[in-house]
């Protein structure tokens, strides 16, 4: 099937690529179908594109590239919502707020996008009891610790 | 910011009709009870901050900035 995207125009995707977000993501709760597009270059940057709304997309970053010690604890309730038996079944992404200068670009380490690709389910989880920042500077964060 | 020390079982009143009770303190966690009219929105601050960050993320997802980002991330 073909979906409209902001950057790549019409993109051919397989229905198997569609991830279902039962609760959407925060502030966009009505959007339930996304695809996560990789640019094939192993940059650690991904696009999370709404299937039904071509204008809605997020830039995702591999959190473990940003903070090597990142260790999100996903509660059992979220684990079962994602139909995952084990935490190893889950993939993690963080949403980036891009800025004109790269130094001002931040990622939300507190609320990762968590995906169980095997079940094609995803959700944004606000990590309870963690002190990960909602606006963590992409560059200079880890170095300054 | 007004800072007040309270013990478990103590209460605070905000305005005429909002009551905040300190229910339990254990380790780093404080359990709080809130009585407020239905039209008063109560949310964990990280929820509102995550909503705001998502809105900004969606607005800022411009392709030139994405390219800039890709070029700056260390290769795996």
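Its relative contact order, with pairs defined as Cα atoms under 8 Å and 6+ residues apart, puts segment A:2-101 at 19 percent. Largest GNM mean-square fluctuation among B:12, B:47, B:65, using chain B with Cα springs under 10 Å: B:65.
Temperature 20 °C, viscosity 1.002 mPa s: under these conditions the Stokes-Einstein estimate for segment A:1-78, based on its Kirkwood radius over C-alpha pairs, is 154 µm² per second.
Note on chain A: GNM, Cα springs under 10 Å; of A:82, A:109, A:127, the largest mean-square fluctuation is that of A:127. Against the longest alpha carbon principal axis of chain B, how many degrees, from 0 to 90 and to the nearest 10, is the axis of helix B:45-60 turned? With both axes taken from Cα atoms, the answer is about 20 degrees.
If a/c stays under 1.5 just call it rounded; otherwise compare a/b with b/c (prolate if a/b is bigger, oblate if not). Do that for segment A:28-145, with a ≥ b ≥ c from the square roots of the Cα gyration tensor eigenvalues. Verdict is oblate for segment A:28-145.
Give the value in nm², to one decimal: projected area of the alpha carbon convex hull of segment B:14-60, averaged over all directions.
One quarter of the hull surface, i.e. the mean projection, equals 5.0 nm².
In the protein assembly as shown, the convex hull through the Cα atoms has an average projected area of 15.1 nm², a quarter of its surface area. Counting neighbouring Cβ atoms within 10 Å and putting the fewest first, the residues A:123, A:48, A:1 line up as A:1, A:123, A:48. Within 10 Å of the Cβ of each residue in A:124-134, the mean number of Cβ atoms contributed by other protein chains is 2. Classified by the C-alpha gyration tensor, segment A:49-108 has an oblate form. Its axis ratio a/c, with a ≥ b ≥ c, is 1.5 or above, and a/b does not exceed b/c. If both residues of a DSSP beta bridge must be in segment A:1-142, then about 95% of such bridges are antiparallel. Helix B:63-72 and the longest principal axis of the C-alpha atoms of chain B enclose an angle of approximately 90°. For chain A, modelled as a GNM whose springs connect Cα atoms under 10 angstrom apart, the maximal fluctuation among A:97, A:107, A:35 occurs at A:97. Averaged over peptide A:93-100, the number of partner chain Cβ atoms lying within 10 Å of each residue's Cβ comes to 6.
The ranking of A:46, A:117 from fewest to most other beta carbons within 10 Å of each one's beta carbon is A:117, A:46.
Values in this text are rule-based calculations from the coordinates and carry no lab data. Please read these numbers as outputs of a predicted model, since none were measured by experiment. All Cβ positions, even for glycine, are placed from backbone atoms using ideal geometry, and neighbour counts span all protein chains on display.
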